[in-house]
Amino acid sequence: MNLDFAQLVPSIPYILYGIWVTLQFVAVSLVLGFLWGTVLSLFKIGKVTILRWFADAYTSVFRGTPLILQMLIIYYAVPQLTGMDIGAFTAGVLTFALNSAAYISEIIRAGINAVDKGQKEAAIALGVPYRSMMLKIILPQAMKNILPALMNEFITLTKESAIVSVIGALDIMRRAQIVGASNYRFFEPLLLAGLIYYLLVMLLTLAGRVMERRLAKSD
């Protein structure tokens, strides 16, 4: 086997810096996706028909088309239509946030529906306004139930974030590709990138299990 990891050593810090870029990208995408997903979930359970249709159609489109297609449309097609340049990092964040919101909206909707109906009936009987009831009574209980599912979404985003390398974002994968191209040796840097992603996912999985145990104890 023609392997030489010694040539990879000088490039390891360069590839490792991609961890910060990847986590930054994933964290921003998740926060934006969570906020927009929350709005969509409220649309879905609301009484305004047009908003329900919009939220359902939005979820259908983003769940029914490839993520990489959505990213390429935002990075290449939107600037063609608007004349505005969109950076690789920004395009990646927008794509993942919009895509993740579709999945998160379903998670939150399921969490809200899982809350005991008696909570809502009691709030209505006490004259609590709908907005206050959702923000202070229903959503907090729903969030506690869906935290493990949101953690899984975070893990999925971390793995899928590798596709931003297609548009040149300097994440872990892109840096590994650059190192491979400069040395004409791809196996070693790609193997290191795979190991980094695996370790990140394992750490997030352990964090998710710890969170689940703490939630179970608090019940």
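Points worth noting:
- Out of SER60, SER132, SER161, sole residue that is buried (at least 19 other Cβ atoms within 10 Å of the Cβ) and small (Gly, Ala, Ser): SER161
- Some residue of segment 140-150 being over 30 Å from ILE15 (Cβ atoms), at pLDDT below 90, buried (at least 18 other Cβ atoms within 10 Å of the Cβ) and touching a helix residue (DSSP H, G or I) at 6+ places or on another chain (Cβ under 9 Å): yes
- Any hit, segment 107-119, residues being in contact with a helix residue (DSSP H, G or I) (Cβ under 7 Å, 6 or more places away or on another chain), within 18 Å of LEU30 (Cα to Cα) and among the aliphatic types (A, V, I, L, M): yes
- Residue in segment 179-188 that is at pLDDT below 90 and either part of a helix (DSSP H, G or I) or hydroxyl-bearing (Ser, Thr, Tyr) (or both) present: yes
- Which listed residue is touching a residue at least 12 places away in the same chain (Cβ under 8 Å), of a type outside the set (S, T, N, Q) and part of a helix (DSSP H, G or I), from PHE43, PHE54: PHE43
- Tally of residues being among the aliphatic types (A, V, I, L, M) and under 19 Å from GLN70 (Cβ atoms) across segment 157-189: 8
- Search result, residues across segment 80-128 that are loosely packed, with under 13 Cβ neighbours inside 10 Å, among the acidic types (Asp, Glu) and not in a loop (DSSP other than H, G, I, E, B): GLU121
The values are calculated or read from the model by the stated rules, or taken from the named source; none is laboratory data. The structure displayed is predicted, hence computed values, not measured ones. Every residue, glycine among them, receives a Cβ derived from its backbone with ideal geometry; neighbour counts consider all protein chains shown.
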